[in-house]
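S.K.: Could you have a look at this structure, given as structure tokens, before my questions?
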Amino acid sequence: MNEDKDLEKLINSLMEEAPLETPSDNFTDMVVARVEELKSSKLMFRPLITKKTFLLWAVILGGLTFYLASLDSSFNANIGNYLSAISEANSWFSDKLPQFQLSRKIIYMTGAFVIMIYFQAMLLKRFFNRQVI
Amino acid sequence: MEHRANQPDIAAIVSGDSQEFSKLVDDYKDLVFTIALRMLKNKEEAEEVAQDSFIKIFRSLKSFQGGSKLSTWIYRIAYNTCLDRIKKYKKDQQTKQIEEVGSYHIAEMDNALDLMMQKEKSAMIQECIQKLPAIDAAILTLFYFEEQSLIELASALKLSVSTAKVKLFRARKKLAVILKEQLKPETIRSYE
């Protein structure tokens, strides 16, 4: 026991003699420069597909769909049917939805599944937050 | 242990005030760099890791909830960043066998150190700390420069207080063994 006390005393006096080390003179400036870089990189968001390219592709795909559809002779005849089917969809839902029934098992399963997903998301968030520290 | 009267404004740093952040860096850079240097044993690498630690601190300061002291939280980030670097490059840290250091040896070492010139003594101690395994070097540095509080040490290393106490005791013993090797009998005699 006495030996441990002596050892503690010796190391205490030793550590007093070991001063803190100092980093290079421009250390703080370098850290602040990196932080500034980090801040500016956050603001510079560039999407992978620019708006222009996105619109161009939408026009090309839309045009191509209509062109291919117009080649089909039955398309023009059927277009009226499609439109009436869409307008009838509303009444179809109001008719069919009350008849739609789920078994209790499926309801419980879906509920459990949703709770599990939320729980895992919460755990993962906590895990990744702690990993930073 | 220096007392930090003007704590940096955390809210200002979180909202992006670099000036305030530079104050925080100035306050803690020496200890963060010392921990990195004593764990990694290389000045350039230590400087790089110390910088990375401050970047991590800046990024995660908004998640600091004040559950522990700001300094303890900063040292924990620095310690973990160094451990990550050691793991990444699989630096082989030699484990020092804990030999017996008796009272006689301790008294002998104490006398020899008393007679050494200040500069010489300081250099020798630094050399001995450099030879310690990374975790032991961090434990001693954190303990002796952070108010010598076992609670703060345990909190920084995420250990229980009793485990931190055992680890501190072992680290002290390892340092004494290294010092004993450094101060060979002939060296001790030359100071007698």
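S.K.: Among the numbered conditions (1) touching a Lys or Arg at 6+ places or on another chain (Cβ under 9 Å); (2) farther than 18 Å from B:Leu157 by Cβ, tell me where B:Asp17 comes up short.
M.R.: (1)
S.K.: Given (1) more than 7 Å from chain A (Cβ to nearest Cβ); (2) under 21 Å from B:Phe145 (Cβ atoms), identify the lone condition not met by B:Val25.
M.R.: (1)
S.K.: I've got another one for you. Scan the stretch B:11-39 and report the pairs whose first residue is more than 11 Å from A:Val35 (Cβ to Cβ) and whose second residue is assigned to a helix (DSSP H, G or I) and acidic (Asp, Glu), with Cβ atoms within less than 7 Å and a gap of 6+ or a chain change.
M.R.: Hits for this filter: B:Ala12/B:Glu20; B:Phe33/B:Glu47.
S.K.: Here is a check on your reading of the model: is B:Leu113 modelled with pLDDT of 85 or more, out of contact with any His (no Cβ under 8 Å at 6 or more places or on another chain), surrounded by 14 or more Cβ atoms within 10 Å (Cβ to Cβ) and among the hydrophobic types (A, V, I, L, M, F, W, C)?
M.R.: Considered against the rule, which asks whether it is modelled with pLDDT of 85 or more, out of contact with any His (no Cβ under 8 Å at 6 or more places or on another chain), surrounded by 14 or more Cβ atoms within 10 Å (Cβ to Cβ) and among the hydrophobic types (A, V, I, L, M, F, W, C), B:Leu113 comes out as no.
S.K.: Restricting attention to the stretch A:1-21, which residues are under 52 Å from the mean Cα position of the chain (by Cα) and exposed (fewer than 12 other Cβ atoms within 10 Å of the Cβ)?
M.R.: Within the stretch A:1-21, A:Glu16 is the sole residue that qualifies.
S.K.: Restricting to the stretch B:146-183, count the residues that are touching a His at 6+ places or on another chain (Cβ under 8 Å) and either more than 13 Å from chain A (Cβ to nearest Cβ) or of a type in the set (S, T, N, Q) (or both).
M.R.: 0
S.K.: Among the helices (runs of 4 or more DSSP H) contained in the stretch B:1-94, which hold 1 or more residues that are at pLDDT 90 or above, touching a Ser or Thr at 6+ places or on another chain (Cβ under 7 Å) and surrounded by 14 or more Cβ atoms within 10 Å (Cβ to Cβ)?
M.R.: The qualifying helices (runs of 4 or more DSSP H) are B:18-40, B:43-60, B:70-88.
S.K.: Which pairs turn up if I take residues in the stretch A:36-51 that are away from chain B (no Cβ under 11 Å) and closer than 23 Å to B:Asp52 by Cα and look for partners that are at pLDDT below 75 and outside any helix (DSSP H, G or I) with beta carbon separation below 9 Å, at least 6 apart in sequence or on another chain?
M.R.: Final answer for the pair search is none.
S.K.: In the stretch B:41-93, what count of residues is obtained for those that are on the phi > 0 side of the Ramachandran plot and in contact with a helix residue (DSSP H, G or I) (Cβ under 9 Å, 6 or more places away or on another chain)?
M.R.: 2
The values are calculated or read from the model by the stated rules, or taken from the named source; none is laboratory data. Owing to the predicted nature of the structure, the values given are computational and were not obtained by experimental measurement. All Cβ positions, glycine included, derive from the backbone under ideal geometry; neighbour counts span all protein chains shown.
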